[in-house]
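Input: a single structure, listed below in C-alpha cells.
The values are calculated or read from the model by the stated rules, or taken from the named source; none is laboratory data. A quick note: this is a predicted structure, and the numbers were derived from the prediction, not measured. Counting neighbours? That spans all protein chains shown, and the Cβs are built from the backbone with ideal geometry, glycine included. Note: accessible area is taken over every heavy atom of the protein model, side chains too, but ligands, DNA and RNA are not part of it. Shrake-Rupley method; radii C 1.70, N 1.55, O 1.52, S 1.80 Å.
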Amino acid sequence: MPQDPLLRAGLIVFVVLAVSITATFSYFYIKYDRIIEKRFRNPVFANSAKIYALPRVVRDGEKIEAREIAAELRQAGYSDQEGISKLGTFHLVKSGIDVTPGPESYHSPEPARITFEDGKISTIMSRGTELSAYELEPQLVTALFDAEQRSKRQLVKYDDIPPMMLQTVLAIEDRRFFEHSGVNFGRTLEAVWEDVLRQRKAQGGSTLTQQLARGFFLTPEKSIKRKLTEMLIAEELEQKFSKQQIFEIYANWVDLGQRGSFAISGFGEASKAYFNKDLKDITLPEAALLAGLIQRPSYLSPYRHPERAMERRNVVLESMVETHAITREQADKAKATPLKLAPPNVEASDAPYFVDMVREQLTSKFNDQELNDSSYRVYTTLDPDLQKAAAQAVEAGIKLVDEQVKKMRTKKVKVGKKYETKILPGPQAQVALVALDPHTGAVLSLVGGRDYGWSQLNHAVAKRPTGSIFKPFVYAAAMNTALDGSPNVITPASTVTDEPSTFTYGDSIYEPRNYKEEYHGEVSLRYALAMSLNNATVKVAEETGYDKVADLARSAGIVSVKATPAMALGSYDASPVDMAGAYTAFANNGEKLSPIMLRSVRNSKGDVVANYTTDEKQVLDPRIAYVMTNMMEGVINNGLGYTAVRLRGFAPPAAGKTGSSHDGWFAGYTSNLLCIVWVGYDDYSDLRLSGAQTAAPIWAEFMKKAATLPQYSDMKEFSQPTGVVDVQLDKATNRLATPNCTDDYVSAFVAGTEPHDTCDQQAGMKGFFSKLFGGGDNKAITPPAPQPGTTGVQEDPNTQQDAQKKKGFFGKLAGIFKDDKKTTQPSKPPDGNQTEPH
C-alpha cells in the first residue's frame with residue numbers, strides 16, 4: 001500500500017470506480033443476457049398459417065407454354081430437382097413438362113405429362129389416361145397476418161438468401177459485418193464526431209447487430225444510455241449467435257415499408273410486395289432497391305417517390321462497386337434499368353378484404369395459436385386471375401363514379417360581384433364487388449372497398465337497402481303461381497297497370513312514385529321488370545301476396561325482409577355477399593347456395609384438418625328459375641341494363657338487374673359466373689346516381705375481363721330445363737305472333753301457361769285484375785295494346801311515402817314489348833336522344 005496519502009486516495013478511488021463499473025457492467029450484462037435468453041428461447045418469429053388460392057386449371061387447347069407452367073409450379077413451391085420439395089417436382093422435357101405432386105401436395109399424387117404444339121396444350125396424359133384439364137398446385141396468397149401488429153412477412157433461411165441480396169445490404173449498411181464483434185467502434189466514433197463535434201447529422205454508426213438490438217429490445221429514443229445499452233446487447237447477441245444466424249434474423253425482421261394497411265417485414269415479403277417474385281429470383285437492381293429502403297422505407301417508397309427510390313438504389317450500387325461486390329460495368333447496367341414494380345393495387349394481389357373474411361371464419365373454429373404454431377395451410381376459393389380482374393374493374397369504375405359525383409357537386413357560386421366555379425364538399429363513394437361460381441357457391445373474387453389502406457371496413461358484408469335488385473324476387477313469387485296451385489296464374493305476358501297508386505298495409509299508407517312521375521299504363525310483367533317500374537312492381541307483389549314474396553326472399557337468404565309494400569322496392573337491408581347467395585337461386589336452377597370461401601384446412605404435412613362445403617337449399621322450381629333468368633336477360637338486352645352492359649362491349653348471354661335506393665347496385669350472371677356490385681356512401685346519404693350509372697359499368701368491365709380468361713371464356717346460353725317453352729309474341733299485343741305481326745320477341749313460359757290467342761285477335765280488355773289473374777283461361781292472358789306515347793322510362797329509386805322526385809336522369813328508351821312505330825327490331829337499343837346514362 002503506498003504511503004503517500006494522495007496516491008493512496010487515488011488508488012482507492014480507482015478501485016472503487018473499477019468495482020462499481022464492473023458491478024454495473026455485470027448487472028446489466030446479466031440482466032440483458034436473461035432478456036435475450038427469454039426472447040430467443042422460442043422461435044424468433046412465430047410460425048404463421050398460410051392462405052392459398054384456388055388451384056389453376058390448365059386445359060387441352062389452352063394457349064400457354066411449358067415454361068409458364070414451370071414458373072407457376074416453382075412459385076408454388078415445386079422443385080425441378082428430386083428430393084428438394086415435398087410439395088412436388090417438375091421436369092421440362094421435349095415438347096412438354098412432367099408434373100409429379102409430392103406427399104404434401106394439395107392434390108392426390110396423380111402425375112401428368114403436358115405436351116405442347118404451336119404454343120398450345122396438345123395433350124394432357126396421366127397414367128395412360130388422356131385428360132381434358134389438370135389442376136396445378138395452389139399459389140400462396142399471403143401468410144395469416146398478426147391481427148394486432150398488422151404486419152406480413154415470409155420467412156427465409158440464410159441459405160435461401162441470394163448472395164447478391166447479402167452483398168447489397170452489407171455494402172450500404174455494414175461493410176465489416178463479418179469482421180466486428182457486434183459494434184464497429186471506428187464507425188461509431190466517426191458518427192459521434194459528425195453528430196456532436198461538427199454539429200452535422202451523422203450517416204449512422206449502427207451495425208446490423210445493433211439495429212437488431214434496438215429493434216428487439218429498445219425504444220427509438222436517442223440518448224447516451226440507450227446507445228450504450230444497444231452496444232452491450234449487440235455484443236451479447238454476437239456471442240450467442242453466428243453471423244449467419246444474425247443475418248437471417250435481420251433479413252426476416254427489417255422494416256421495408258407499407259402495403260395497404262400492412263407493414264412489410266423482411267426481404268421475403270418485400271420481394272413479393274414490390275416485384276411479385278420469390279426472393280431467390282430477384283435481379284441486381286431489385287436487390288439494390290430493397291437494400292436502399294432500409295434507411296427510410298416510407299420516405300423512399302418506390303410507389304410514392306420513384307425518383308428518390310431510384311436515387312437511393314444507385315447509391316447502393318455505387319457502394320457495391322466500392323466493396324468490389326460488382327464491377328463498374330455491372331453497376332452502370334443496373335443503374336440504367338427502369339423501376340419494374342408489381343401493380344400497386346393491393347386488391348389485385350393480396351385480396352385483403354377476402355383474407356380478412358377468411359381469418360374471421362378460421363378464428364371462429366381455431367384459435368390463433370393453433371393456426372399459426374401448427375403452420376396450417378388454408379386452401380380457399382380465391383381465383384387470383386379473377387381477383388386481379390375485379391380489382392382493375394373497381395379501380396377504373398370508381399373513377400367514373402368520382403367524375404360523375406364531381407360534376408354534380410360543381411356549382412356556380414357568387415363571390416362578390418363575380419361567379420366562381422366551385423366543387424362542393426361531400427363524402428367519397430365506396431364500392432364492393434363479389435363474384436362467385438353460381439353452381440358451387442365458391443367466392444372467386446371479392447373487393448370490399450376502394451382502398452384497403454385507407455379503410456378496412458368491408459362493404460361486401462355491410463348491410464344496405466337492396467333497392468331494385470330485390471324486384472326479381474317479387475316477380476319470381478308471381479311466376480310461382482303457375483305451380484303452387486294459385487287460382488290465378490301470373491306469367492311474363494300478364495299485364496299490370498303502371499299508374500300512381502296508394503297501397504295500404506295495416507294502418508300504414510304507402511305511395512311509391514315512378515321516376516319523373518312517368519307512368520306507362522297497361523304493361524306486361526316482362527316489360528315492368530326490364531324497365532324497373534315501381535308502381536307496377538308493388539301491384540304485382542300485392543296481388544301475389546306480400547307474405548309469399550317475403551317467404552321466398554327469406555328462403556333465399558335475405559332475412560331482414562318484412563311482408564310490406566315497401567319490401568317490393570328493396571327497402572330492407574342485405575349485404576352484397578347476401579345478395580350474391582340469393583341470386584344463385586336464379587342462376588343455379590332454383591337451388592340457393594351459401595357463399596363459401598374455404599375449401600380445406602390442412603396441417604404442415606398436408607393432412608386434412610377440416611374440409612368445407614356449401615349449404616344447398618331448393619327455393620325455386622328450375623322452371624321458374626329459368627323463366628326469371630329469361631326475364632332478366634331482357635333487362636340487359638332491352639331494358640335499363642342495355643347501355644351500361646351491351647354498349648360497353650359485353651356480348652355473352654347474361655341476365656341481371658339494376659338497382660337504386662340511396663345506393664347503386666347491379667346484380668347479374670352468366671352461365672358460369674355471378675357478380676354483385678354495390679356503390680354508395682358510408683354515411684348513407686343519397687348517391688343521386690342510379691345503379692345503371694355506377695354499379696353496372698363496373699360489372700360490365702369485370703365480366704369483360706373475366707370472359708378473356710380461359711376458365712371463364714365459355715359463357716354459354718342458359719340451359720333450359722324440361723317443362724319450359726319459348727314463345728314468339730307480338731310486341732304490340734303480347735299475343736302469339738303470326739306472319740301478320742312481324743315486330744315480335746321471344747319469351748319463356750312454364751309449359752301450359754303461355755298465351756294461346758294470336759295477335760290477329762283483337763279481344764277487348766275487361767278490367768285489369770280479371771285479365772291479369774285469369775278472366776276465363778288462367779293460363780293464357782290476353783293483354784291490350786299499350787297506350788301510344790308511353791315510351792318514357794324510369795330508373796328504380798326506392799321511393800317511400802311522399803318521396804321527393806329525383807332530378808336529371810336519362811331520357812327515353814325506345815318502347816320494348818310495346819307498340820312503338822320507330823321500333824322495328826326486338827332488341828332495339830335505347831333511343832339516341834337520351835341525355836344521361838342509366
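Residues checked against (1) over 30 Å from I30 (Cα atoms); (2) open to solvent by less than 20 Å² (accessible area, probe 1.4 Å); (3) in contact (Cβ under 8 Å) with a residue 24 or more places away in the chain:
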| position | (1), (2), (3) |
| --- | --- |
| E269 | yes, yes, yes |
| D278 | yes, no, yes |
| D281 | yes, no, no |
| A288 | yes, yes, yes |
| R304 | yes, no, no |
Checklist outcome for this item: Flagged in segment 687-726 as at pLDDT below 95, out of contact with any Asp or Glu (no Cβ under 8 Å at 6 or more places or on another chain), over 23 Å from A625 (Cβ atoms) and not polar (S, T, N, Q), in numbering order, are R688, L689
Next on the checklist: Please go through segment 593-606 and give me each residue that is under 29 Å from A574 (Cβ atoms) and either open to solvent by less than 30 Å² (accessible area, probe 1.4 Å) or outside any strand (DSSP E or B) (or both), ordered by number.
Outcome noted: L593, S594, P595, M597, L598, S600, V601
Checklist entry - So is Y379 farther than 30 Å from V679 by Cβ, open to solvent by less than 40 Å² (accessible area, probe 1.4 Å) and in contact with a strand residue (DSSP E or B) (Cβ under 7 Å, 6 or more places away or on another chain) or not? => result yes
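Matching residues to (1) free of Cβ contacts under 8 Å to residues at least 12 places away in the same chain; (2) of a type in the set (V, I, T); (3) out of contact with any Phe, Trp or Tyr (no Cβ under 6 Å at 6 or more places or on another chain):
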| residue | (1), (2), (3) |
| --- | --- |
| K31 | yes, no, yes |
| N42 | yes, no, yes |
| I64 | no, yes, yes |
| P101 | no, no, yes |
| E104 | no, no, yes |
| H107 | no, no, yes |
| D118 | yes, no, yes |
| E130 | yes, no, yes |
Next on the checklist: Given the options K333, K340, name the one that is of a type in the set (K, R), surrounded by fewer than 16 Cβ atoms within 10 Å (Cβ to Cβ) and modelled with pLDDT under 95.
Outcome noted: K340
Checklist entry - In this structure, does A133 turn out to be out of contact with any Gly (no Cβ under 6 Å at 6 or more places or on another chain), farther than 30 Å from Q244 by Cβ and either among the aromatic types (F, W, Y) or open to solvent by 30 Å² or more (accessible area, probe 1.4 Å) (or both)? => result yes
Checklist outcome for this item: Checked segment 551-565 for anything buried (at least 22 other Cβ atoms within 10 Å of the Cβ) and either closer than 18 Å to N534 by Cβ or of a type in the set (V, I, T) (or both); matches are A553, I558, V561, P565
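Hey, could you check segment 73-119 for residues that are small (G, A, S) and in a strand (DSSP E or B) and say which is farthest from T380 (Cα to Cα)?
That would be G96.
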Checklist entry - Mind checking whether some residue in segment 242-261 is assigned to a loop (DSSP other than H, G, I, E, B), without any contact (Cβ under 8 Å) to a residue 24 or more places away in the chain and surrounded by fewer than 23 Cβ atoms within 10 Å (Cβ to Cβ)? => result yes
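Which one of A553, A568, A536, A541 is in a helix (DSSP H, G or I), under 29 Å from the mean Cα position of the chain (by Cα) and modelled with pLDDT of 95 or more?
Result of the check over A553, A568, A536, A541: A553.
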Checklist entry - Is one or more of the residues making up segment 233-241 of a type in the set (S, T, N, Q), modelled with pLDDT of 85 or more and surrounded by 19 or more Cβ atoms within 10 Å (Cβ to Cβ)? => result no
